[in-house]
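Chemist: One structure, pasted below without further comment.
The values are calculated or read from the model by the stated rules, or taken from the named source; none is laboratory data. Quantities reported herein were computed from a predicted structural model and do not represent experimental measurements. No Cβ is skipped: glycine too gets one built from the backbone with ideal geometry, and neighbour counts run over all protein chains shown.
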Amino acid sequence: MMDQPLLISELIRHAERYHADTEIVSRLPDAGGAIHRSNWGEVARRSRQVANALSALGLGPQAMVGTLAWNTHRHLELYYGVSGSQRVLHTINPRLFPEQICWIINHAEDAVVFFDVTFASLVDGLVAGGCPTVKHWVALTSADKLPAMKHVQPLAYEELVSAASADYSWPSFDEREAGSLCYTSGTTGNPKGVLYSHRSTVLHAYGTCMPDVMGLSARDVVLPVVPMFHVNAWGIPYSAAAIGAKLVMPGAGLDGPSLYELFESEKVSFSAGVPTVWLGLLQHLQKNNLHFSRPWNSIVGGSACPPALMRAYRDGYGVKIRHAWGMSEMSPLGTVCTLKEKHLKLSAEEQFAIELKQGRPVFGVDMRIVDQNGQPLPHDGKAFGDLQVRGPWVVQRYFKLDKDPLQDGWFPTGDVGTIDPDGYLQITDRSKDVIKSGGEWISSIDLENVAVAHPAVQEAAVIGVHHPKWDERPLLVVVRKPGAELGAAELIAHFEGKIAKWWTPDDVVFVEEIPHTATGKISKLQLRQQYKDYQLPTA
């Protein structure tokens with residue numbers, strides 16, 4: 001059989017050859033959110049121009065190219081122009097602290113950083129803070145829209161691209177070479193880099209397109225709400241090229257009204273994002289009595305989606321939300337929740353009970369749970385332990401770190417969960433978020449799901465706080481829905497009969513806002529710091 005390397009450039013070559021006229025729609029951050037229409041053929045041509053432009057800037061093979069950018073056609077061009085030309089695309093999360101971003105750029109040794117104009121002031125601060133490896137800062141706009149900056153005179157992306165030839169042949173090289181780089185959000189210590197190979201990226205793209213995963217096809221209109229700086233938008237820019245789907249790129253407009261407008265105008269059929277985004281869209285729908293003209297499906301990840309949110313979309317709007325689970329170290333997809341044939345005989349509520357789980361492994365991912373001594377536990381849906389994974393798109397070691405994180409060849413995810421006999425994973429908590437009360441474990445996720453099911457609760461988080469007798473007890477932190485009246489006693493009574501009695505939260509704190517991480521997850525770390533000295537009424 002032929003031995004051809006699995007390269008990212010093959011994805012864009014395929015999209016150009018067989019899906020050239022399929023649209024790529026972008027909302028432009030440098031034009032007040034105006035709509036830009038392109039297609040796979042245009043993206044491929046401009047990607048080749050990007051490759052030539054990088055050569056003109058003096059970048060050789062394996063040079064690091066950073067991006068601080070939203071989901072747009074320009075960012076998509078960089079995905080292929082950088083990686084396809086044997087350089088490494090380093091997508092940087094602009095929601096991190098500036099000090100962390102500066103550290104990441106220096107650690108990666110980025111030679112060029114491309115940025116959207118909305119991040120001009122952030123870039124100015126980074127330059128002032130010191131990024132010595134960066135030789136060029138390039139604003140993703142035209143020369144007439146270059147932002148005024150104090151510490152740097154950026155180049156204009158459109159001028160760089162237009163000056164470069166589209167005559168470029170994608171090079172062939174070892175598929176195990178690096179193609180892209182992402183850093184974890186760094187909840188403890190400095191962020192850690194995950195360096196993805198061309199091989200792992202292409203295999204991940206194959207995996208995501210399978211029917212029981214994202215199930216994408218050339219008939220889909222895909223809107224990745226998840227940012228391209230968050231684990232490569234969960235691989236969607238690669239998956240969409242592999243099957244020639246239409247892409248709708250939302251730019252910086254991730255609020256409910258902006259998303260609804262795009263869903264309706266472009267007739268979106270598939271999307272992906274974190275629960276907080278779907279909550280914002282739902283509130284916009286309910287407030288304005290809106291509906292969708294085309295049913296669509298979504299996968300949700302980053303954190304568990306509350307059952308009440310899934311029901312609201314399913315029953316009110318015909319939108320199917322499926323759980324997915326993964327992490328930066330897994331490229332990121334590990335599981336997606338789809339039913340098996342035998343489950344079709346079950347009642348709707350029995351099916352929904354299965355759909356609340358994180359799902360079955362994608363082919364290419366193997367997983368197990370182990371006890372505190374590293375011994376495997378049964379997949380019976382009852383035993384829960386530390387989740388470990390392995391596979392061809394799972395990290396072996398972190399970028400520039402020699403320490404091997406693997407345990408007996410398995411990567412420890414930091415999640416705690418159960419696996420049932422059918423292979424369905426249910427995450428019960430992050431290992432650091434589990435509440436240890438009197439030697440027993442309490443799942444904060446289960447408590448949050450019960451809380452959010454109350455009609456007056458908009459968002460909820462549960463953390464463990466110190467208790468002199470039980471070591472830790474659950475504290476419930478809640479944001480009420482606008483105009484709702486709800487007291488602590490009423491909310492605690494809401495838990496009765498839904499959980500083990502001893503799991504019931506000891507107290508409730510009502511707040512205006514719950515802190516979130518740079519990737520949109522609830523920040524349990526900040527909450528634990530904020531309430532580290534909290535005195536429970538039961539203490």
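Chemist: Which one of the conditions (1) within 24 Å of the chain's Cα centre (by Cα); (2) within 27 Å of S239 (Cβ to Cβ); (3) assigned to a loop (DSSP other than H, G, I, E, B); (4) at pLDDT 95 or above does K400 fail to meet, given that it meets all the rest?
Modeler: (2)
Chemist: Only one of (1) surrounded by 14 or more Cβ atoms within 10 Å (Cβ to Cβ); (2) on the phi < 0 side of the Ramachandran plot; (3) within 24 Å of the chain's Cα centre (by Cα); (4) not charged (D, E, K, R) is not met by I435, so which one is it?
Modeler: Of everything listed in (1) surrounded by 14 or more Cβ atoms within 10 Å (Cβ to Cβ); (2) on the phi < 0 side of the Ramachandran plot; (3) within 24 Å of the chain's Cα centre (by Cα); (4) not charged (D, E, K, R), I435 misses just condition (3).
Chemist: Another question, then. Identify, please: which residue in segment 34-59 is under 16 Å from G244 (Cα atoms) and in contact (Cβ under 8 Å) with a residue 60 or more places away in the chain and is, among those, surrounded by the most Cβ atoms within 10 Å (Cβ to Cβ)?
Modeler: W40
Chemist: Here's something else I'd like to know. Residue by residue through segment 202-230, note down the ones that are among the aromatic types (F, W, Y) and under 17 Å from the mean Cα position of the chain (by Cα).
Modeler: Within segment 202-230, F229 is the sole residue that qualifies.
Chemist: For segment 504-539, give me each residue that is outside any loop (DSSP other than H, G, I, E, B), within 22 Å of H466 (Cβ to Cβ) and within 30 Å of the chain's Cα centre (by Cα).
Modeler: V508, V509, F510, I522, K524, L525, Q526, L527, R528, Q529, Q530
Chemist: Among the residues of segment 272-283, which ones are in contact with a Gly (Cβ under 6 Å, 6 or more places away or on another chain) and small (G, A, S)?
Modeler: Listed by number, the list holds a single entry, G280.
Chemist: Tell me which of these V395 doesn't satisfy, since it passes every other one: (1) of a type in the set (A, V, I, L, M); (2) closer than 19 Å to G301 by Cβ; (3) over 26 Å from the mean Cα position of the chain (by Cα).
Modeler: (3)
Chemist: OK, next. Of I369, I427, which residue is more than 23 Å from the chain's Cα centre (by Cα) and not in a loop (DSSP other than H, G, I, E, B)?
Modeler: Exactly one residue qualifies, and that residue is I369.
Chemist: Still on this structure, I have one more. Identify all residues within segment 32-72 that are outside any strand (DSSP E or B), touching a helix residue (DSSP H, G or I) at 6+ places or on another chain (Cβ under 6 Å) and either closer than 12 Å to M249 by Cα or not aromatic (F, W, Y) (or both); write none if there are none.
Modeler: Those that are outside any strand (DSSP E or B), touching a helix residue (DSSP H, G or I) at 6+ places or on another chain (Cβ under 6 Å) and either closer than 12 Å to M249 by Cα or not aromatic (F, W, Y) (or both): G41, V43, A44, R46, S47, Q49, V50, A51, A53, A69, W70.
Chemist: Condition test on R322, is it in contact with a Cys (Cβ under 6 Å, 6 or more places away or on another chain), modelled with pLDDT of 95 or more and either outside any loop (DSSP other than H, G, I, E, B) or not β-branched (V, I, T) (or both)?
Modeler: yes
Chemist: Report those helices (runs of 4 or more DSSP H) wholly inside segment 106-215 carrying at least 3 residues which are in contact (Cβ under 8 Å) with a residue 24 or more places away in the chain and of a type in the set (V, I, T).
Modeler: Because the criterion is at least 3 residues that are in contact (Cβ under 8 Å) with a residue 24 or more places away in the chain and of a type in the set (V, I, T), the helices (runs of 4 or more DSSP H) in segment 106-215 that meet it are 198-208.
Chemist: Which members of segment 309-339 meet the condition of being touching a His at 6+ places or on another chain (Cβ under 9 Å) and within 15 Å of Q283 (Cα to Cα)?
Modeler: Selection gives M310, G316, Y317.
Chemist: Of the numbered conditions (1) touching a residue at least 24 places away in the same chain (Cβ under 8 Å); (2) assigned by TED's automatic domain parsing to the domain that holds N71; (3) assigned to a helix (DSSP H, G or I), H284 fails exactly one; give the number of that condition.
Modeler: Going through the list (1) touching a residue at least 24 places away in the same chain (Cβ under 8 Å); (2) assigned by TED's automatic domain parsing to the domain that holds N71; (3) assigned to a helix (DSSP H, G or I), H284 breaks only (2).
Chemist: Do we have A453 as over 26 Å from the mean Cα position of the chain (by Cα) and not assigned by TED's automatic domain parsing to the domain that holds F97 here?
Modeler: no
Chemist: Scan segment 325-335 and tell me whether some residue there is farther than 26 Å from V452 by Cα and more than 24 Å from the chain's Cα centre (by Cα).
Modeler: No, the conditions are met nowhere in segment 325-335.
Chemist: Please work out which residue is surrounded by the fewest Cβ atoms within 10 Å (Cβ to Cβ), limiting yourself to segment 284-312 and to residues that are aliphatic (A, V, I, L, M) and in contact with a Gly (Cβ under 8 Å, 6 or more places away or on another chain).
Modeler: That would be L285.
Chemist: One residue is enough: does segment 236-252 have a residue meeting the conditions of a type in the set (K, R), surrounded by 20 or more Cβ atoms within 10 Å (Cβ to Cβ) and within 21 Å of E16 (Cα to Cα)?
Modeler: yes
Chemist: Determine whether V477 is within 20 Å of I435 (Cα to Cα), buried (at least 18 other Cβ atoms within 10 Å of the Cβ), in contact with an Asp or Glu (Cβ under 6 Å, 6 or more places away or on another chain) and of a type outside the set (D, E, K, R).
Modeler: It is false that V477 is within 20 Å of I435 (Cα to Cα), buried (at least 18 other Cβ atoms within 10 Å of the Cβ), in contact with an Asp or Glu (Cβ under 6 Å, 6 or more places away or on another chain) and of a type outside the set (D, E, K, R).
Chemist: For segment 430-449, state whether one or more residues are closer than 27 Å to F97 by Cα and free of Cβ contacts under 8 Å to residues at least 40 places away in the same chain.
Modeler: Within segment 430-449, one or more residues are closer than 27 Å to F97 by Cα and free of Cβ contacts under 8 Å to residues at least 40 places away in the same chain.
Chemist: Oh, and also: Checking I445 against (1) over 15 Å from I522 (Cβ atoms); (2) under 22 Å from the mean Cα position of the chain (by Cα); (3) hydrophobic (A, V, I, L, M, F, W, C); (4) modelled with pLDDT under 95, which test does it fail?
Modeler: (1)
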